[in-house]
């Protein structure tokens, strides 16, 4: 099967990026040694669709060291880095992705990965799972199981499971503590604002930032905005999360009101039409809008293109749209995931934890897939076992030079007994 990448001659630049993140990812380095010794994935095909940048590339190399035959694509047309793709091909891995692919090219690349007949699927948003169920049902029996690392992807899996159409078990990696407590909050919080600041070169301090959605990712984005000196408004549909945002010190109001006050808007909901043409018309001149959700559905890009009286490319990754009242609205990265479409994504140390959970979950699938039908009769969506979270967290503490207390036998007994 031929690779489909932009230019294999870019591999040296990609290698430098991968080497840099590897130096800051001790958990994956440890797993690489273990997998290489045990040949955990020997003879197995792993299909992977995750944002194709340096941290993902190192995860691919770790799995390949364990004997996996890797088939790799991206999960967003604007987040693939061509030099990273080239570096993986230079190492002998199979890659089908390039930056700024058309919708047709993106679908072809996803299809190429599925057509390998994977045993393990590592997904980011559900593209591989959805495609193999809809277009390649003959390949379903090959799949032992897989992992999903996004909130949006898990919502899709749970819906499929409820409808009894999910045909193989999927580990809910995003719900693991070592994933969403850190990746979604601290990783998203930092990388979103890095993407915004690098793309716009504008100050945040003193401005009003509107964060749509107060889940784990929204908490991180709001917290970092506050740290940068912004006044923060949160919009929510969940009363409990709205109260939490208030008690965390943020204003809460509907988007129709926030649109009049905000200067920087970040959507983090995973839903559709969070900011619509009605909201764009209310925004101040120069407002900056971006999305930090998995898919480009939260900002009504088609709508703003339709109502704009003038459009221009203001700066790399910034399209500006003039409203009929004369105000210009700036959209970052076409409304796609701003931290990866206009940046390098989460910090390496954060993704070290996330991808460590991903890797040990894939290992868990290999070791336990024959028992899944017996152990999980009522569901195909499987929570990451607590012992895997504990393993990754313990390693993280070790590499940070940190120690914690250990319960004595007497303390264990006291906690477990009825009082």
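Computed from the coordinates by the stated procedures, all read-outs in this text should not be read as laboratory data. All figures in this text were calculated on a predicted structure; none of them were measured in a lab. Virtual Cβ from ideal backbone geometry, glycine too; neighbours counted across all protein chains shown.
Values as computed for the structure displayed
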{"item": "Kirkwood-type radius of the stretch 316-384, with distances r between different C-alpha atoms, in Å", "result": "16.2 Å"}
{"item": "Spin-label model distance (nm) - residue 368 vs residue 134, 7 Å beyond Cα toward Cβ", "result": "3.0 nm"}
{"item": "Convex hull of the chain built on C-alpha atoms - directionally averaged projected area, nm²", "result": "22.8 nm²"}
{"item": "Fewest-first sequence of 71, 414, 106, 99 by Cβ atoms within 10 Å of each Cβ", "result": "414, 99, 106, 71"}
{"item": "Size-normalised alpha-carbon gyration radius of the stretch 54-132, reference 2.2 N^0.38 Å", "result": "1.01"}
{"item": "Sequence of 351, 223 once ranked by neighbouring C-beta atoms within 10 Å, starting from the fewest", "result": "223, 351"}
{"item": "Fraction of antiparallel bridges per DSSP, the chain only, in percent to nearest 5", "result": "20 percent"}
{"item": "With Cα atoms, 0 to 90° folded angle of helix 188-200 axis to the chain main axis", "result": "50 degrees"}
{"item": "The stretch 276-408: Rg to Rh, with Rh as the Kirkwood radius over Cα pairs", "result": "1.21"}
{"item": "Computed FRET value (nearest 0.05) for residue 322 with residue 378, which takes r as the C-beta separation and R₀ as 45 Å", "result": "0.25"}
{"item": "Cα-based equivalent ellipsoid, the stretch 274-315: semi-axes from gyration tensor eigenvalues, Å", "result": "17, 13, 11"}
{"item": "Separation of alpha-carbon centers, the stretch 141-220 and the stretch 7-59, rounded to whole Å", "result": "21 Å"}
{"item": "For the stretch 2-74, projected area of the alpha-carbon convex hull averaged over all directions, nm²", "result": "5.1 nm²"}
{"item": "Stokes-Einstein D for the stretch 185-341, Kirkwood Rh over Cα pairs, 10 °C, 1.306 mPa s (µm²/s)", "result": "106 µm²/s"}
{"item": "Crossing angle, helix 11-22 versus the chain [Cα axis fit, 0-90 degrees, rounded to tens]", "result": "80 degrees"}
{"item": "For the chain, built as a Gaussian network whose Cα springs stay under 10 Å, the top-fluctuating residue of 53, 91, 358", "result": "91"}
{"item": "Rough spin-label spacing in nm, given labels placed 7 Å along Cα→Cβ, for residue 12 and residue 203", "result": "4.2 nm"}
{"item": "Residue of 249, 401, 343 that the Gaussian network model of the chain assigns the largest fluctuation, springs spanning Cα pairs under 10 Å", "result": "401"}
{"item": "Most fluctuating residue given options 399, 35, 96, as computed from a GNM of the chain linking Cα atoms under 10 Å", "result": "399"}
{"item": "Semi-axis lengths (Å, descending) of the ellipsoid that matches the C-alpha gyration tensor of the stretch 93-220", "result": "32, 19, 12"}
{"item": "Residue-averaged [θ]222 nm for the chain, counting only DSSP H segments that reach four residues, each worth -39500 (n - 2.57)", "result": "-12500 deg cm²/dmol"}
{"item": "The chain: angle of helix 216-227 to the longest principal axis, Cα-based, in degrees nearest 10", "result": "50 degrees"}
{"item": "Label point distance in nm, residue 386-residue 155, each placed 7 Å from Cα along Cα→Cβ", "result": "2.9 nm"}
{"item": "Tail fraction, Cα-Cα pairs, the stretch 100-149, threshold 16 Å, whole percent", "result": "35 percent"}
